[in-house]
Amino acid sequence: MTTRDIVIRGAREHNLQSVSLSLPRNKLIVMSGVSGSGKSSLAFDTLYAEGQRRYVESLSTYARQFLGQMPKPDVDSITGLAPSISIQQKSTSRNPRSTVGTITEIYDFLRVLYARVGQGYCYVSGQPIRAQSADQIIDSLLSQPVGTRFQILAPVVQNQKGEFRDLFDDLMKKGYLRARVDGETINLAEAPALRKHHKHTIDVVIDRLVAGSGQRTRVAEAVEQALKLGEGRLICSAETAYARAAESETERPARRTRRPAAELATEMVAESNSDYRSTSENRSTSDRLYSSQYACAESGMSYEPPSPQLFSFNSPLGMCPECSGLGMRHGFPLHRLVLDENRSIQKGALLLLDWSKMGRWPKHLLVGAANAIEEDCGLAVDSLLKTKWRDLPEKARELWLYGTGERHVTFTWRSRGGAWKHGGKWDGWSNRLLESWRTAANPMRRRQLEKHMEVVTCTACSGERLNRQARNVRIRTAHPAFSQQGRQPEISLPRLCGLSVREASQFFEKLVLDPVQTLIAEEVLKEIRGRLGFLLQCGLDYLTLDRSAPTLSGGESQRIRLAGQIGCGLTGVVYILDEPSIGLHPRDNTMLLSSLERLRDQGNTVIVVEHDEETMRAA
């Protein structure tokens with residue numbers, strides 16, 4: 001026994017009968033024996049429990065209240081014990097947001113890599129995103145229809161916590177009178193007290209304008225001021241009156257206490273349209289972001305400059321707004337949406353779409369959407385709603401169920417006073433039903449809809465978890481395995497995470513970066529390549545980085561966390577593992593042993609509860 005040994009005296013936890021022994025530090029140690037002999041009691045319930053307890057006791061009282069206190073094991077004394085880390089099979093994560101990439105922290109480095117050297121593409125035109133000049137922004141603002149009322153705002157705070165009293169005072173001193181705080185326009189002189197620990201978004205109102213001739217000088221001044229205050233960004237908030245016809249309609253059925261699910265669902269069509277959210281002024285406001293740093297010259301679309309948060313499916317800045325970054329959501333699967341392919345939409349082909357019981361306003365919206373889809377698909381006017389579902393083109397069926405995306409749809413409302421047009425987006429019948437379920441205040445209505453719902457892949461992001469901007473940032477590789485007809489393919493972050501560990505390792509062997517990008521990405525790439533290598537050493541080359549943690553086996557989960565610990569580079573730690581070789585093919589066992597030896601060579605003590613002969617001989 002040396003002073004560097006871990007000395008245990010009188011261990012009596014569970015089946016242990018006053019066991020005393022010494023273990024050499026910085027060695028690979030295997031504990032083996034029959035079931036019930038006390039292997040786990042000594043390794044986990046004695047060594048790990050005492051090491052963790054001592055570490056927690058060394059922290060402040062404030063920190064200990066968040067970690068919880070482990071009970072002291074039944075042992076006389078343990079000396080020479082370092083902080084301990086346990087990697088057990090039974091501790092598999094049940095969090096659906098945890099993936100192979102997040103557990104190993106590879107995804108965190110990928111977010112930084114894509115934010116710093118990725119090339120963004122406009123999801124409207126498909127063209128690369130470049131900086132946008134002030135003149136281009138002015139021209140875009142002046143191209144709006146004559147008479148359009150709009151505000152120019154400067155974004156100064158986005159999803160940040162704080163009270164921002166000093167900011168409000170500073171803005172007033174600079175002469176600004178109004179701001180939009182969390183979507184509500186306020187007078188700065190009467191600014192509300194904001195919650196300190198809640199996230200807030202604050203946009204300063206620069207000017208309110210009406211599109212038309214003779215406005216260029218005023219618009220130019222407002223743009224210059226907004227770009228300066230917003231650090232290269234401004235928001236155009238166009239206001240459009242919309243609801244008068246719907247509110248004044250007299251032929252809509254009166255509300256009743258109890259109504260059929262079909263009628264309740266269809267009547268929600270008009271009320272749930274995302275472009276028709278009413279404000280206190282009975283107006284609908286749509287925002288468009290302009291940036292002097294990040295914009296598409298062809299479509300005029302401006303985007304937020306990419307940041308690591310943009311590529312996080314756990315952040316509001318990056319997650320898909322429909323599924324909140326889960327990739328899955330409650331929805332209506334196709335086999336439940338389509339009731340009878342031999343009927344037309346008007347004759348009851350679709351779930352909860354009863355044409356005979358609809359009011360004029362829902363019918364008006366559906367006809368407008370149908371006309372837009374007919375134009376897209378080259379169909380005869382007024383044919384979509386009357387044609388049998390099975391006879392409609394696949395594209396038309398998909399657009400009707402899942403929406404037309406960002407395309408602006410014009411709806412024409414005809415009443416006694418004449419025709420009145422307004423614009424919006426068609427989100428699709430499936431999303432209309434889903435919105436009805438979300439906003440249903442009546443529990444009975446929710447149950448009527450829920451019986452038709454299942455957990456399905458999110459149609460907005462196709463299960464990729466991120467929003468459209470993040471999904472359209474790509475990095476190029478020159479590896480032969482990815483070449484397509486002589487081109488060097490560019491891969492988005494979700495697609496990269498869909499590759500196996502071995503394929504991802506090949507992707508990073510030959511990235512196409514210029515000298516500046518190479519310098520920026522050097523340290524990040526070193527971490528990514530190293531951690532992918534650790535996963536390969538642990539025999540996990542077949543896993544994908546987006547594989548959800550709850551779907552992993554106990555052995556896979558343990559080896560993933562082992563690879564993560566190797567990547568952390570900790571020293572002076574006692575690692576305790578529970579049968580890491582379980583489920584491994586013999587050809588992969590040698591690589592696993594190499595990983596354990598590497599962990600030991602970093603200056604750690606590795607204790608393994610194991611029955612594998614090869615592992616015991618290597619100890």
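No value in this document is a laboratory result; all are computed from the given coordinates. Note that the structure is a prediction, hence the values are computed from the model and not measured. Every residue, glycine as well, gets a Cβ built from its backbone with ideal geometry; the counts of neighbours run over all protein chains shown.
For the chain, the equivalent ellipsoid derived from the Cα gyration tensor has semi-axes of 56, 31, 26 Å, listed largest first. Estimated at 0.36 nm per residue, the fully extended path between Asp340 and Asp354 surpasses their Cα-Cα distance by 3.7 nm. Kirkwood-type hydrodynamic radius, segment 164-216: 12.4 Å, calculated from all non-identical alpha-carbon pairs.
Based on the mean of other Cβ atoms within 10 Å per residue, sort peptides 559-568, 581-590 so the most packed one is first. Present the calculation step by step, with values, prior to reporting the outcome.
Working: 559-568: 22.5, 581-590: 14.5.
By packing density, highest mean first, the sequence is 559-568, 581-590.
Cβ distances below 4.7 Å define possible disulfide partners, and in the chain the cysteines left without one are Cys236, Cys377, Cys497, Cys538, Cys568.
Taking every C-alpha pair closer than 8 Å and separated by at least 6 residues, the mean separation divided by the residue count of the chain gives a relative contact order of 20 percent. Pairs exceeding a 25 Å alpha-carbon distance, out of Lys161/Lys425; Lys347/Lys421; Lys357/Lys388: Lys161/Lys425; Lys347/Lys421. Extending 7 Å from the Cα toward the beta-carbon at both Ala134 and Lys196 defines two label points whose distance is 4.0 nm.
Can you figure out the FRET efficiency of Lys228 with Lys27, using R₀ = 60 Å and their beta-carbon distance, to the nearest 0.05? Mind showing how you got there, number by number?
Details: r = 63 Å, r/R0 = 1.06.
Efficiency for this residue pair is about 0.40.
Computed extension length for Val7-Thr590: 206.8 nm, one decimal, from 0.36 nm per residue of separation with the Cα-Cα distance subtracted. Between the residues Cys296, Leu366, Ser324, the greatest Cα displacement towards the positive end of the dipole of the chain, with unit charges on the Cβ of Lys, Arg, Asp and Glu, is found for Leu366. Distance between the pseudo-spin-label points of Arg495 and Ala189 (7 Å out from Cα toward the beta carbon): 5.6 nm.
Kindly provide the Kirkwood hydrodynamic radius of segment 122-241 in Å, to one decimal, from all pairs of distinct alpha carbon atoms. Kirkwood hydrodynamic radius for segment 122-241: 15.5 Å.
Spin-label pair Asp287-Glu394: with each label point 7 Å from Cα along the Cα-Cβ axis, the two points sit 3.8 nm from one another.
Most exposed first by the Cβ proxy, i.e. fewest other Cβ within 10 Å, how do Lys39, Lys395, Lys451 rank? Don't skip to the end; give the middle numbers.
Numbers: Lys39 21, Lys395 13, Lys451 9.
Starting with the residue having the fewest Cβ neighbours, the order is Lys451, Lys395, Lys39.
Output the Kirkwood hydrodynamic radius of segment 331-457, Cα pairs only, in Å rounded to one decimal. Present the calculation step by step, with values, prior to reporting the outcome.
Details: mean 1/r = 0.0649 Å⁻¹.
Computed over Cα pairs of segment 331-457, the Kirkwood hydrodynamic radius comes out at 15.4 Å.
Peptides 156-164, 301-309, ordered by how many other C-beta atoms sit within 10 Å of their residues on average, highest first, read 301-309, 156-164.
Rank the residues Thr404, Thr518 as a footprinting-exposure proxy: fewest other Cβ atoms within 10 Å of their Cβ go first.
Working: Thr404 18, Thr518 12.
With the sparsest Cβ surroundings first, the list reads Thr518, Thr404.
What ranking do 381-394, 530-543 get when scored by the average of other Cβ atoms within 10 Å per residue, highest first?
Details: 381-394: 15.1, 530-543: 20.8.
The most tightly packed comes first, giving 530-543, 381-394.
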